[in-house]
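**Q** Below you'll find the structure I mean.
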Amino acid sequence: MTSFEEVLEQFEPMISATIRQLNIYRDFEQFRHVARIALWQAWNRFDATKGNFTAFAYRSIRGAMLDEMKKESKFDERFTHVDDSSLAYLLENQNHC
């Protein structure tokens, strides 16, 4: 039986390619981590009688990355990043509103 470390080494190029295909241009390590977890879960769940592991792994990795993108998008919609100078301005002027 193949170890997960060997599987991970074999699928790292697929993870990198999927990051490029999905146009992920920031938080690479976060998405790489999500993909590795998805690969590990796929490796544990895979049933050889139901098909090819490569296709199963690809769907699992891509799906996990898309889910993460959706989570990030929802978070970005709900919360706004405020830089230090804007925060200082808001705090100074909170009593004037």
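**Q** Could you size up the charge dipole of region 1-41 around its Cα centre, putting +1 on the beta carbon of Lys and Arg and -1 on that of Asp and Glu, and report it in debye to the nearest 20?
**A** Charge dipole of region 1-41: 240 debye, to the nearest 20.
**Q** I want to make sure I understand the PRE zone here: with the label point 7 angstrom from the Cα of M14 toward its beta carbon, which residues in region 41-60 have backbone N atoms less than 11 Å away?
**A** Counting only backbone N, you get 42-43, 52-60.
**Q** Let me check something: with ligands and nucleic acids excluded, how do M69, M14 order by accessible area (1.4 Å probe), largest to smallest?
**A** If we order M69, M14 from most to least accessible, we get M69, M14.
**Q** Another question, then. Using only protein heavy atoms and a 1.4 Å probe, report how much of T80 is accessible, in Å² to the nearest 10.
**A** 120
**Q** For region 23-71, what does the alpha-carbon gyration tensor say about shape, rounded, prolate or oblate, given a ≥ b ≥ c as the root eigenvalues, a/c under 1.5 as rounded, and a/b over b/c as prolate?
**A** prolate
**Q** On to the next question. Can you pull the accessible area of S73 for me, 1.4 Å probe, Å² to the nearest 10?
**A** Surface accessible to solvent at S73 totals approximately 60 Å².
**Q** Springs between alpha-carbon pairs under 10 angstrom, Gaussian network model over the chain: which of F11, F53, F31 fluctuates most?
**A** Taking springs between Cα atoms under 10 Å, the residue moving most is F53.
**Q** Now for a different question. Step through the residues of region 84-92 one at a time and calculate ³J(HN,Hα) from phi using the Karplus curve (6.51 cos²θ - 1.76 cosθ + 1.60, θ = phi - 60°), rounding each to whole Hz and writing x for Gly and Pro.
**A** 4, 5, 5, 5, 4, 4, 5, 5, 5
**Q** Just grab the label-to-label distance for S3 and T54, each label 7 Å out from Cα along the Cβ direction, in nm (one decimal).
**A** Going by the 7 Å Cα→Cβ label model, 2.4 nm.
**Q** Among I15, I61, I24, whose mean-square fluctuation peaks in a Gaussian network model of the chain (Cα, cutoff 10 Å)?
**A** It is I24.
**Q** For the chain, how big is the tail of P(r) above 15 Å, as a whole percent of Cα pairs?
**A** Value for the chain: 67 percent of Cα pairs lie more than 15 Å apart.
**Q** I want to verify a result. In a Gaussian network model of the chain, Cα cutoff 10 Å, which of these has the top mean-square fluctuation: L22, L66, L87?
**A** Per the Cα network of the chain with a 10 Å cutoff, L87 tops the list.
The values are calculated or read from the model by the stated rules, or taken from the named source; none is laboratory data. This one's a predicted model, so the numbers in the text were calculated from it and none came from an experiment. Positions of Cβ are generated from backbone atoms using ideal geometry, with glycine treated the same way; all protein chains shown enter the neighbour counts. Note: accessible area is taken over every heavy atom of the protein model, side chains too, but ligands, DNA and RNA are not part of it. Shrake-Rupley method; radii C 1.70, N 1.55, O 1.52, S 1.80 Å.
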